[in-house]
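Novice: Sharing a structure below in structure tokens format, with a few things to ask.
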Amino acid sequence: MAESTLADPSAEMARAKETPHLHVPRLVLSRDVAGEGVLDQIADAVNRLIGSMYLFVGISVGIVVWLFAGNIIGFDKTPWPLLLTILNLPQLSIMISLQVSANRAQAASDARAMADHATLVALHELSKEQVQILDGQNEVLDILRRAVVGGGPEART
């Protein structure tokens, strides 16, 4: 899968902790974790079709046409039993497709979470370094204050 082309999360985290100033945040999109196999491509195509508004509108128009045309043309005098049977047939495959779609979305979400976590680790390390610098500056200021108050060389000028 394309997940292997993404950076190793543990290595990325270690680099972010060791050298936070070199960390570059990553934007992880769903296509970055899309599968490369034939089954993955089929799943993508099915998910695009099943999740499209065009299919919803097409099925809705088809149901309305079936209900009216069945009585007018006469191929289905009682449209509900046959219509419901035909509409229930693809439900199992659609439910499986929804689960595949959810699994793929979860993989993309996990990859995003790992990238975000590495960025947060880098920010945290930078914040710790910044606090250390500020503490050092405070120590220098304290030394300078003591020198000035104590009548050091800075106070005589």
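The values are calculated or read from the model by the stated rules, or taken from the named source; none is laboratory data. Since we're looking at a predicted model, the values are computed, not measured. As a convention, Cβ positions derive from the backbone with ideal geometry for all residues, glycine included, and neighbour counts pool all protein chains shown.
Novice: Taking the range 69-79 as the region of interest, how many residues are outside any loop (DSSP other than H, G, I, E, B), of a type in the set (A, V, I, L, M, F, W, C) and surrounded by 11 or more Cβ atoms within 10 Å (Cβ to Cβ)?
Specialist: Residues of the range 69-79 outside any loop (DSSP other than H, G, I, E, B): 69-73, 79.
Narrowing further to those that are of a type in the set (A, V, I, L, M, F, W, C): 69, 72-73.
From the residues that got through so far, the ones that are surrounded by 11 or more Cβ atoms within 10 Å (Cβ to Cβ) too are 69.
Adding up the residues that qualify gives 1.
Novice: Of the residues that sit in the range 94-111 and are surrounded by fewer than 17 Cβ atoms within 10 Å (Cβ to Cβ) and not hydrophobic (A, V, I, L, M, F, W, C), which one is farthest from GLU12 (Cα to Cα)?
Specialist: Here the answer is GLN99.
Novice: Name every residue in the range 102-142 that is touching a helix residue (DSSP H, G or I) at 6+ places or on another chain (Cβ under 7 Å) and among the acidic types (Asp, Glu), in order of residue number.
Specialist: GLU125 - this is the single residue of the range 102-142 that is touching a helix residue (DSSP H, G or I) at 6+ places or on another chain (Cβ under 7 Å) and among the acidic types (Asp, Glu).
Novice: Considering each of GLY62, GLY51 in turn, give the residue that is surrounded by 12 or more Cβ atoms within 10 Å (Cβ to Cβ), at pLDDT 85 or above and within 39 Å of the chain's Cα centre (by Cα).
Specialist: On the way: GLY51 fails: at pLDDT 85 or above.
Checking each option against the conditions leaves just GLY62.
Novice: State which residue is modelled with the lowest pLDDT when the search covers only the range 1-39 and only residues that are polar (S, T, N, Q), part of a helix (DSSP H, G or I) and more than 15 Å from ARG104 (Cα to Cα).
Specialist: At the first step, the residues of the range 1-39 found to be polar (S, T, N, Q) are 4-5, 10, 19, 30.
Those still in the list that are part of a helix (DSSP H, G or I) too: 4-5, 10, 30.
Still in the list and also more than 15 Å from ARG104 (Cα to Cα): 5, 10.
Numbers: THR5: 45, SER10: 81.
Among those residues, the one meeting the criterion is THR5.
Novice: Against the conditions (1) part of a helix (DSSP H, G or I); (2) modelled with pLDDT under 85; (3) more than 19 Å from the chain's Cα centre (by Cα), where does ASN103 fall short? Just the number, please.
Specialist: (3) is the only condition that ASN103 fails.
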